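Quick note: the coordinates plus some simple rules give every number you see, no bench work behind them. Remember, predicted model here, so these are calculated numbers, not experimental data. Virtual Cβ from ideal backbone geometry, glycine too; neighbours counted across all protein chains shown.
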Amino acid sequence: MAVIWWDNGARAAALEVLELLVDANPYSVEGLTTLAEYRFESGRFDDAEILAERALAVDPDAPAALFVLGLVCEARGDGAGAADWFERLRALAVDAEDRDWMMEALINHRMAGRHPEMILWYEETATADTATAPVPLPEPEPVPPTLPAGGAARPVIDGEPTGRLAAIKAKLELLKRLEAEHGFGIHVEEPATLEHIPELPYGVVEVFSLFRRLEGACLRIEQPIEINSRTAWLTRRRDPHDPLGNPLRIGCVRRRTRLSNPDIEDGSPILLDAETGRAFAIDPDDYVFHYKHPYEHVEIEYLGADAVAFCDDYLLGEKYPWLVKSVVGADVRTDRIRKGRYKDELADTWMRLLVSAGLVP
């Protein structure tokens with residue numbers, strides 16, 4: 001969960017949660033190395049070094065700890081020291097997700113050019129992974145659609161449930177057409193092919209099989225990587241101390257920002273309960289309090305009965321303005337552009353598109 005806050009810009013909350021985790025379990029290599037990484041990103045190299053060394057004291061072959069120590073050396077101008085740490089790292093088996101993160105960090109900090117051996121290692125191990133890819137899990141037996149409260153099965157036409165999913169699909173086609181005609185500046189990204197994951201509640205895979213990403217000035221919703229495949233779901237990382245039960249991060253609602261700089265976010269993440277399929281939002285500060293006091297009540301905004309209702313009503317329907325206002329306090333009905341080409345137009349591009357489509361009155 002701390003990773004969610006960090007990625008969403010709530011870095012103070014992420015650091016506080018990680019410190020709590022490390023205090024509760026001082027021998028957690030994952031907790032120590034993640035906190036070391038975040039301390040490095042915050043410019044606190046001494047703290048990052050100490051934390052990484054603590055992780056190595058528990059596991060001398062912890063790849064993330066070796067990598068952070070290499071980053072610290074490089075940031076201090078000790079290229080030879082960094083090369084030594086990276087050499088120890090390359091001798092280990094490092095999973096693809098960690099290798100991707102490491103290469104991204106080297107590029108972001110403009111260190112990759114000084115360590116071409118790391119680039120070569122990354123490319124060679126990626127090629128080896130492709131050549132020795134594991135045999136996929138056997139396709140699970142199809143399960144009948146979830147029964148609604150009334151007990152009758154959902155009608156199916158050509159394998160797709162009718163009703164709200166069909167309505168969502170039609171809305172998305174309308175939005176794509178209007179965007180192509182008017183250029184509001186929103187994104188409706190085509191979906192990736194997803195496989196059935198029987199451990200997930202009805203609606204999660206079904207909704208994200210209709211789109212990969214939806215994005216406007218105040219909204220970003222995207223397919224979580226944990227549902228890319230059943231293997232990804234079964235092997236996802238889980239925090240046993242998470243009081244919310246390790247929900248999926250599916251995007252964020254934010255105050256208006258420029259799509260040309262999507263990393264600037266001052267909103268809150270939108271999460272999805274993996275057991276019920278319900279979307280919800282929680283303030284990062286409330287989450288930190290909940291982490292410290294898991295039996296205390298905190299304010300959670302639930303957004304629909306399931307993933308299908310959330311998409312149909314809150315993302316593509318008349319409840320969208322309420323979604324933004326309840327999560328970040330912005331009123332997309334009244335916030336308008338004050339000058340320039342689009343003067344007096346609705347400032348939130350997603351709201352402007354929904355109004356043009358007749359989906360929000």
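Below are the figures for this structure:
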read-out: Lys pairs under 30 Å by Cα in region 159-356, provided they are eight or more residues apart or on distinct chains; value: 14
read-out: Approximate spin-label separation Thr235-Asp61, in nm, with each point projected 7 Å along Cα-to-Cβ; value: 1.8
read-out: Surrounding net charge for Glu181, when Lys and Arg each add one and Asp and Glu each subtract one, Cβ distance under 14 Å; value: +1
read-out: Rounded, prolate or oblate (a/c below 1.5 giving rounded, otherwise prolate when a/b exceeds b/c) for region 310-361 by Cα gyration tensor; value: oblate
read-out: Cα gyration tensor shape for region 159-356, rounded if a/c is under 1.5, else prolate or oblate; value: oblate
read-out: FRET efficiency, 1/(1 + (r/R0)^6) with R0 30 Å, evaluated for Ser326 and Glu181 via beta carbons; value: 0.45
read-out: Cα→Cβ-extended label distance, 7 Å offset, between Ala83 and His109, nm; value: 1.8
read-out: Ascending count of other beta-carbon atoms within 10 Å, so fewest first, for Trp350, Trp233, Trp322; value: Trp322, Trp233, Trp350
read-out: Separation in nanometres of the label points that stand 7 Å from Cα toward Cβ, at Asp23 and Asp344; value: 5.6
read-out: FRET efficiency, 1/(1 + (r/R0)^6) with R0 56 Å, evaluated for Ala166 and Ala91 via beta carbons; value: 0.55
read-out: Length added when fully stretched, Ile337-Leu174, from 0.36 nm per residue minus Cα-Cα; value: 56.2 nm
read-out: Leading residue at positive end of dipole, region 25-129 (Cβ point charges), from Ile119, Ala52, Val72; value: Val72
